[in-house]
Amino acid sequence: MKKNLFILLLLATAVSLRAAVSIVPKPDKCVEKRGHFTIDNKTVICLSGDNEEMRNAVSFFNDLFRTAAGYPLEVTGHLRSNNVIRCQLTPSLASDEAYKLNVSPSSIRIEAKSAKGVFYALQSVRQLLPAAIESDKKVADDVKWTVPCVLVDDAPQFSYRGVMLDVSRHFIPKEDMKRHIDLLAFHKLNTLHWHLTDDQGWRIEIKKYPKLTQKGAYRPKTVKGYMWDNPTEWDTNRYGGFYTQEDIREIVAYASKRFIEVIPEIEMPGHSVAPLTAYPQYSCSGGPFEVEGRWGVFNDIYCTKEITFNFLQDVLDEVVELFPSRFIHLGGDEAPRVRWKNCVHCQQRMKDEGLKNEAELQTYFMNRIESYLSGKGKDIIGWDEILEGGVPQGAVVMSWRGEKGGIQAADAGYDVIMSPNIYMYFNCHQSKTQKRIGMNKRIISLEKVYNYHPVPEVLPKEKAKHIKGVQANLWTEYLVSREDMEYMLYPRVAALSEVGWTPKQQKDYIGFCNRLENIRKHYDVLGVNYYQE
C-alpha cells in the first residue's frame, strides 16, 4: 500500500513539474528541476557585454516589470552572484538565435551567441512567469513573480519564421501594427511580411508620387458579403488609409527592437489597380481606373513601357530607404497577361528582347526590378507564379499554391519560404463550428497547422537545405478589425511558431495543447481575442 502511494506521489510530482514548464515553441532540450527563482525589486539584470544591443534585448522584458510589478529591474554591467538575471554572450553557440537558460533558486543565467538569443531566452522566462506579467497596469503587491527552475538548451530549426499581414484590403492602424509585432515576438517569430499595396489600396507614402496615397489609398465603395454574391451589395462609404514615411520608420524601428525583420511587399506587375488609378499612364490602356472595392484578380496590370520601369524604380528608391531588411517582396502573383497580349508596347518589348511569350515577359519584368534592387544591396522574394517564365535571377520563392512551386524552386537551387494555402492561410476557418468572420470555407485547424512540416519528403538532403522557413498569411478581405484578425491568428500562430522552431521528431500535438493552456492565460491578460473551441 505504501509503495503504491509512493508511486502515485512520484507521478503527481512529475505531472506538476510538467505543468510548471510551459514554453511555446517547445525548446530543443528542456530539463525541469525542483524549486523556483523569485524576481523582486532587488533583482538585478547583469550584462556581460554591456552594449546598446544587449540593453535593447532586455528592455522589453524590463518594461513588463515596470508596468505589471510597478518597478523596473536595475540593469548593470557589474557581476553579481545572487538575485540576478545574468546575460552572457557565448560565441561558440550554434546560431545567432540560440540560447541556454539555467534557472536556479538563486539566479537566472542566460547564455547566447547574440543579443537576439538573449531576447528569446527572456521570452521563455516571460512565459514561465505568472500571466499577470502581461498586465497593462500595476497588479496586486502579493503576486509572486516566480520562475520554475529549469535547464533549457534551445535554437530554431529554420532561420525564417514569419507572418504576412495584408493591410491593403483592410487597413491596420499604426498602434495595432505594434500590437501584432509584440505578439509575434512573444512567439519567437522573426519576420513580418507587410503586404502594403494591392488593387484595393496603396498604403505607403511615396513623396515623389503623392497621388499614390491621395487617390490610391482610398476606395469609393466596398463589396458587402461574399465577393460573388448576386446581386452585389455595396458599402458606399469611402474607405482607406495609409502610413506616412514617419509611421513606417516608427513601426520598422519598433519591430527591430523586438528582433523582427519587416519585409515590405510592393506588388508588381499585377494587383496594381490602386496605383494605376493614381497614375494611369503606367498601364497598357491608359485608364481611367477606380480603386477596387471588389476582391479577386483584375486584368489591368503595369505595362512594360520604359516609363513604367522608371516609375517603379523611383518608388523602390524610397522603399529601400525606409526598410533596412535584406529582402523586398515584389509579389509577382495572379498577374493576368491579357492586356500585354493586346498592348503594342508590350509586344514590341517581347520582340526587342527575343521573348517567346508573355510568361517570359513577366520574368523579364521581374529581372529588371531584381537587377535594380540588387544594385542597392537588396534581394527579392516573389510568390511562386514567378517560376512560370523561368525563375528571376537571385529570387527567393514563396510557395503558396501548395508545395509544388517550392519543390521546383529548391530542386533548381533557389531558396524557398514555404507558405502553402492548404496549411498556412489563416484567413481560413479553424473548425466547422467557428463563428463566421470570413467567407473562405476551407478548414485549417490548429492541429493541421501544427502537424505541417516545411521540408517536403521528396526533396533529397542537398536540396532540402534550400527550404529556409515557413510563413502564415492573413488576407483581410473579410477581416475589418483588429479583433477579427486576432481571432483568425490565435492560437494558430502558436502552432506556427513550433512548426518553425521545434525539430520535427520532437513535436507532440498533445503536449503542445497542454502547454498552450498556460499561453492562453497570457493571451487572456493581454486581451487577445483568440479562437476558442
Between a first residue in the range 69-84 that is over 20 Å from Asn102 (Cβ atoms) and assigned to a loop (DSSP other than H, G, I, E, B) and a second residue that is at pLDDT 95 or above and open to solvent by 90 Å² or more (accessible area, probe 1.4 Å), which pairs have beta carbons less than 7 Å apart while being 6 or more apart in sequence or on different chains?
-> Gly70/Lys138; Tyr71/Asn41; Pro72/Arg66
Kindly list, by first and then second residue, each pair from a residue in the range 35-59 that is free of Cβ contacts under 8 Å to residues at least 60 places away in the same chain to a residue that is of a type in the set (Phe, Trp, Tyr), limited to pairs with Cβ atoms under 7 Å and residues at least 6 apart or on different chains.
-> Asn41/Tyr71
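Within the bounds of the range 45-54, is there any residue that is assigned to a loop (DSSP other than H, G, I, E, B), of a type outside the set (Lys, Arg) and touching a Leu at 6+ places or on another chain (Cβ under 8 Å)? Lay out the reasoning, then the answer.
Our first condition is that a residue be assigned to a loop (DSSP other than H, G, I, E, B); within the range 45-54, this holds for 49-51.
Retained after the next criterion (residues that are of a type outside the set (Lys, Arg)): 49-51.
With touching a Leu at 6+ places or on another chain (Cβ under 8 Å) added as a condition, the list becomes 49.
Yes; the residues of the range 45-54 include at least one that is assigned to a loop (DSSP other than H, G, I, E, B), of a type outside the set (Lys, Arg) and touching a Leu at 6+ places or on another chain (Cβ under 8 Å).
For the range 407-474, which fully contained helices (runs of 4 or more DSSP H) count at least 3 residues that are open to solvent by less than 30 Å² (accessible area, probe 1.4 Å) and over 23 Å from Asp333 (Cα atoms)?
Numbers: elements: 421-424, 446-450, 461-464.
Those helices (runs of 4 or more DSSP H) span 446-450.
Quick check, is Ser59 among the hydroxyl-bearing types (Ser, Thr, Tyr) and at pLDDT below 95? Quick ask: steps written out before the conclusion?
Numbers: among the hydroxyl-bearing types (Ser, Thr, Tyr): yes; at pLDDT below 95: no.
No.
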Can you give me the ranges of the strands (runs of 3 or more DSSP E) entirely in the range 98-182 with at least 1 residues that are touching a His at 6+ places or on another chain (Cβ under 6 Å) and of a type outside the set (S, T, N, Q)?
-> 145-154, 160-166
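Answer yes or no as to whether Pro491 is modelled with pLDDT of 95 or more, closer than 15 Å to Tyr425 by Cα, of a type outside the set (Ser, Thr, Tyr) and in contact with a Gly (Cβ under 8 Å, 6 or more places away or on another chain).
Values: modelled with pLDDT of 95 or more: yes; closer than 15 Å to Tyr425 by Cα: yes; of a type outside the set (Ser, Thr, Tyr): yes; in contact with a Gly (Cβ under 8 Å, 6 or more places away or on another chain): no.
Answer is no for this residue.
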Considering every residue within the range 491-499, establish whether at least one is over 30 Å from Tyr239 (Cβ atoms) and charged (D, E, K, R).
-> yes
Note down all Cβ pairs under 6 Å where the first residue falls in the range 301-323 and is open to solvent by 10 Å² or more (accessible area, probe 1.4 Å), the second is of a type in the set (Phe, Trp, Tyr) and assigned to a helix (DSSP H, G or I), and they're at least six residues apart or on different chains.
-> Gln313/Tyr372
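This table checks each residue for (1) modelled with pLDDT under 95; (2) under 15 Å from Pro275 (Cα atoms); (3) open to solvent by less than 10 Å² (accessible area, probe 1.4 Å); (4) of a type in the set (Lys, Arg).
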| residue | (1), (2), (3), (4) |
| --- | --- |
| Thr197 | no, yes, yes, no |
| Tyr209 | no, yes, no, no |
| Thr236 | no, no, no, no |
| Tyr239 | no, no, no, no |
Look at Thr244 and say whether it is modelled with pLDDT of 95 or more and in contact with a Gly (Cβ under 7 Å, 6 or more places away or on another chain).
-> no
Residues in the range 397-406 that are within 15 Å of Lys468 (Cα to Cα) and open to solvent by 20 Å² or more (accessible area, probe 1.4 Å): how many?
-> 2
Subset of the range 257-280, residues over 14 Å from Arg339 (Cα atoms), open to solvent by 10 Å² or more (accessible area, probe 1.4 Å) and part of a helix (DSSP H, G or I), comes to Thr277
If we scan the range 365-378, do we find a residue that is open to solvent by less than 50 Å² (accessible area, probe 1.4 Å), within 26 Å of Ile260 (Cα to Cα) and not in a helix (DSSP H, G or I)?
-> yes
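The values are calculated or read from the model by the stated rules, or taken from the named source; none is laboratory data. Note that the structure is predicted; figures quoted are calculated from it, not measured. So basically every Cβ, Gly included, is an ideal-geometry build from the backbone, and we count neighbours across all protein chains shown. What goes into the accessible areas is simple: the full protein's heavy atoms, side chains included, and nothing from ligands, DNA or RNA. Shrake-Rupley method; radii C 1.70, N 1.55, O 1.52, S 1.80 Å.
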